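The values are calculated or read from the model by the stated rules, or taken from the named source; none is laboratory data. Predicted, not measured: the structure shown is a model, and the values here were computed from it. Glycine also receives a Cβ, built like all others from the backbone with ideal geometry; neighbour counts cover every protein chain displayed. Surface areas here come from the heavy atoms of the whole protein model, side chains and all, with no ligands, DNA or RNA. Shrake-Rupley method; radii C 1.70, N 1.55, O 1.52, S 1.80 Å.
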Amino acid sequence: MKIYRANIVYSRSRDDLAVFRDSYIAVENGVVEGIYEQLPEKFAALPVRNFGSGVMIPAFSDLHVHAPQYPQRGLGMDLLLEDWLNTYTFPQEAKYADPAYARAVYDAFLQDLIANGTFHACVFGTIHREPTGYLLEQMEEAGLRAFVGKVNMDIHSPDYLCETVEESLRETETFLEKYASNRFAKPILTPRFAPTCSRELLSGLGRLGAKYRTGVQTHLVESLWEAAEAKRLNPDCSCDTQIYEKSGLLGNGPVVAAHFIFPEEEDIRILKEYGGYAVQCPDATVNVIAGIMRTAALAESGVNLALGSDIAGGHLPGVYTQAARSVQLSKLKWFYEPEGNKPVSFANTFYMATKEGGALFGRTGSLEPGYAFDALVIRDFSDPFRKISPAETVERFCYTGGPADITARFIGGREPA
Ligand code: GUN
Ligand code: FE
């Protein structure tokens, strides 16, 4: 049993931020036992680690990030999706045919992820199985809860990133088999998006999903170009999401839909039916996509929501920055399109970044009893001109903070080296 003292803040629900001032949190075998305003008698003999005016919060969940794009973050941000993919992203991803390059980047990427307090993530690798496997293995070893995917693409892609259906399925099956019994970092099917995946490939992946009970992550109704291209290539489908349903890819495990900016009613109905997540990636949206998710309306429709950094469509690794940006974008969307839209609150987006996104990975993303002790301590953001509350510190951290403001990190109760 470990006892820590701090101000403690977490989301109870979408609108309700729980705040415990100067309180104690008891952690047993890496799991939260309870939060107490007074230290109970039964713990009186235990040492207490005191974080003073620091604020303890749950660690963040990034439900959409491309590890191989880490070296290109902040580059080509004046392009739109199709040109950005062809000019920057595909040539960058080709480099992962070299395992030594992959290992060096993935080590740096994971270090930055941990520095930024992201301890749970849905990660895209590249088409290359072994380098993507290395990334998954490192996450497993670090105790980071994750879904990691070898990317599949077999049409309308540059030669150097284009697989045959047969090799794509064979490599994917090897990847699924190898990591099927992992504890923290697990494999997930990762067809890049409809414009680069044939129906033959998607159906083959659907069969693997059923056989290995494996979920799927992809980019869904991401841009108007992407949504139109998806339907043009799949004329028997009424919407982008139905392509995945008809391919047997939904219902085998988690369903993680990055962006989901331009859904039709049918996209929403299908995603909801399979308990899928719509992942907002606010920076990526304004950098390379040019669309804003209708976050409040989707929340009301009952779809699960989460946030993603989408490195390198997004330029910042910290999911907390995206909690801030999501609030900003919701106001812009509402201002320009008041019909059916409204702003979201910081409590709403902090919930997406922690408890709502974290639920994909099990009992994590909160500090309630029974949750994994995946937690951060943020320094007190009060300054000499204004004392601010613990909840305000969390908000100010998300808007203005960085890794240096995180003074302690716990992954399953353990502090990373
Ligand atoms: N759509 C297909 N591939 C990608 C990618 O790598 N990043 C983003 N943001 N969108 C995509
Ligand atoms: Fe992406």
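Kindly establish whether Glu166 is in a helix (DSSP H, G or I) and either more than 24 Å from Gly358 (Cβ to Cβ) or modelled with pLDDT under 95 (or both). Considered against the rule, which asks whether it is in a helix (DSSP H, G or I) and either more than 24 Å from Gly358 (Cβ to Cβ) or modelled with pLDDT under 95 (or both), Glu166 comes out as yes.
The set of residues from the stretch 141-198 being out of contact with any helix residue (DSSP H, G or I) (no Cβ under 8 Å at 6 or more places or on another chain), of a type outside the set (A, V, I, L, M, F, W, C) and under 19 Å from Pro254 (Cα atoms) comprises Ser181, Thr190, Arg192. Of note, Leu79 satisfies the criterion of being within 16 Å of ligand 1 (Cβ to nearest atom), surrounded by fewer than 19 Cβ atoms within 10 Å (Cβ to Cβ) and either touching a residue at least 60 places away in the same chain (Cβ under 8 Å) or part of a strand (DSSP E or B) (or both).
Of all residues in the stretch 361-383, one or more are under 19 Å from the mean Cα position of the chain (by Cα) and part of a helix (DSSP H, G or I).
Of the residues Ile388, Ile378, which single one is open to solvent by less than 10 Å² (accessible area, probe 1.4 Å) and either more than 24 Å from Lys186 (Cβ to Cβ) or free of Cβ contacts under 8 Å to residues at least 60 places away in the same chain (or both)? Steps first, please.
Working: Ile388 fails: open to solvent by less than 10 Å² (accessible area, probe 1.4 Å).
Only one candidate passes the filter, namely Ile378.
In the stretch 115-129, the residues that are hydrophobic (A, V, I, L, M, F, W, C) reach residues that are within 16 Å of ligand 2 (Cβ to nearest atom) and open to solvent by 10 Å² or more (accessible area, probe 1.4 Å) with C-beta atoms within less than 6 angstrom, at least six apart or across chains, in these pairs: Cys122/Phe147. Among the residues that make up the stretch 126-142, is at least one of them open to solvent by less than 20 Å² (accessible area, probe 1.4 Å), within 14 Å of ligand 2 (Cβ to nearest atom) and closer than 26 Å to Gly215 by Cβ? Yes, the stretch 126-142 contains at least one residue that is open to solvent by less than 20 Å² (accessible area, probe 1.4 Å), within 14 Å of ligand 2 (Cβ to nearest atom) and closer than 26 Å to Gly215 by Cβ.
Taken together, the residues in the stretch 238-266 that are within 13 Å of ligand 1 (Cβ to nearest atom) and more than 24 Å from Met352 (Cβ to Cβ) amount to 0. Glu93 meets the stated requirement of being in contact (Cβ under 8 Å) with a residue 60 or more places away in the chain and not in a strand (DSSP E or B).
When Ser53 is tested against (1) in a strand (DSSP E or B); (2) under 26 Å from Glu356 (Cα atoms), only condition (2) is not met. Scanning the stretch 315-327 for residues that are within 16 Å of ligand 2 (Cβ to nearest atom), surrounded by fewer than 23 Cβ atoms within 10 Å (Cβ to Cβ) and of a type in the set (A, V, I, L, M) returns a single hit, Leu316.
Would you be able to tell me the number of residues in the stretch 227-252 that are in a loop (DSSP other than H, G, I, E, B) and either surrounded by fewer than 19 Cβ atoms within 10 Å (Cβ to Cβ) or free of Cβ contacts under 8 Å to residues at least 40 places away in the same chain (or both)? Give the derivation first.
So in the stretch 227-252, the residues in a loop (DSSP other than H, G, I, E, B) come out as 234-239, 247-252.
Next, only the ones that are either surrounded by fewer than 19 Cβ atoms within 10 Å (Cβ to Cβ) or free of Cβ contacts under 8 Å to residues at least 40 places away in the same chain (or both) stay: 235-239, 248, 250-251.
The qualifying residues number 8.
If you go through the stretch 209-237 and keep only what is closer than 16 Å to Gly276 by Cα, within 16 Å of ligand 1 (Cβ to nearest atom) and not hydroxyl-bearing (Ser, Thr, Tyr), you end up with Val216, Gln217, His219, Leu220, Val221, Glu222.
Checking each residue in the stretch 294-314 for being assigned to a strand (DSSP E or B), touching a strand residue (DSSP E or B) at 6+ places or on another chain (Cβ under 7 Å) and either open to solvent by 10 Å² or more (accessible area, probe 1.4 Å) or within 16 Å of ligand 1 (Cβ to nearest atom) (or both) picks out Asn304, Ala306, Leu307, Ile311. Among the residues of the stretch 193-210, those identified as within 25 Å of the chain's Cα centre (by Cα) and open to solvent by 10 Å² or more (accessible area, probe 1.4 Å) are Leu208, Ala210.
Restricting to the stretch 105-125, what's the tally of residues that are more than 16 Å from ligand 2 (Cβ to nearest atom) and either surrounded by fewer than 24 Cβ atoms within 10 Å (Cβ to Cβ) or not in a loop (DSSP other than H, G, I, E, B) (or both)? Lay out the reasoning, then the answer.
Step one: of the stretch 105-125, the residues more than 16 Å from ligand 2 (Cβ to nearest atom) are 105-108, 110-112, 114-117, 119-120.
Narrowing the set further to residues that are either surrounded by fewer than 24 Cβ atoms within 10 Å (Cβ to Cβ) or not in a loop (DSSP other than H, G, I, E, B) (or both) leaves 105-108, 110-112, 114-115, 119-120.
Counting residues in the stretch 105-125 that are more than 16 Å from ligand 2 (Cβ to nearest atom) and either surrounded by fewer than 24 Cβ atoms within 10 Å (Cβ to Cβ) or not in a loop (DSSP other than H, G, I, E, B) (or both) gives 11.
Looking only at residues in the stretch 293-313 that are farther than 19 Å from Phe109 by Cβ and within 16 Å of ligand 2 (Cβ to nearest atom), the one that is nearest to the chain's Cα centre (by Cα) is Ala306. Taking first residues from the stretch 405-417 that are over 19 Å from Val55 (Cβ atoms) and partners that are of a type in the set (Val, Ile, Thr) and part of a loop (DSSP other than H, G, I, E, B), no Cβ contact under 6 Å between residues at least 6 apart in sequence or on separate chains turns up.
If the condition is being among the small types (Gly, Ala, Ser), open to solvent by less than 50 Å² (accessible area, probe 1.4 Å) and more than 15 Å from ligand 2 (Cβ to nearest atom), then the stretch 37-76 contributes Gly52, Gly54, Ala59, Ser61, Gly74.
Is it the case that Phe184 is closer than 22 Å to Ala67 by Cα, more than 16 Å from ligand 1 (Cβ to nearest atom) and modelled with pLDDT of 95 or more?
Working: closer than 22 Å to Ala67 by Cα: yes; more than 16 Å from ligand 1 (Cβ to nearest atom): yes; modelled with pLDDT of 95 or more: yes.
Yes; evaluated as a whole, the condition is true for this residue.
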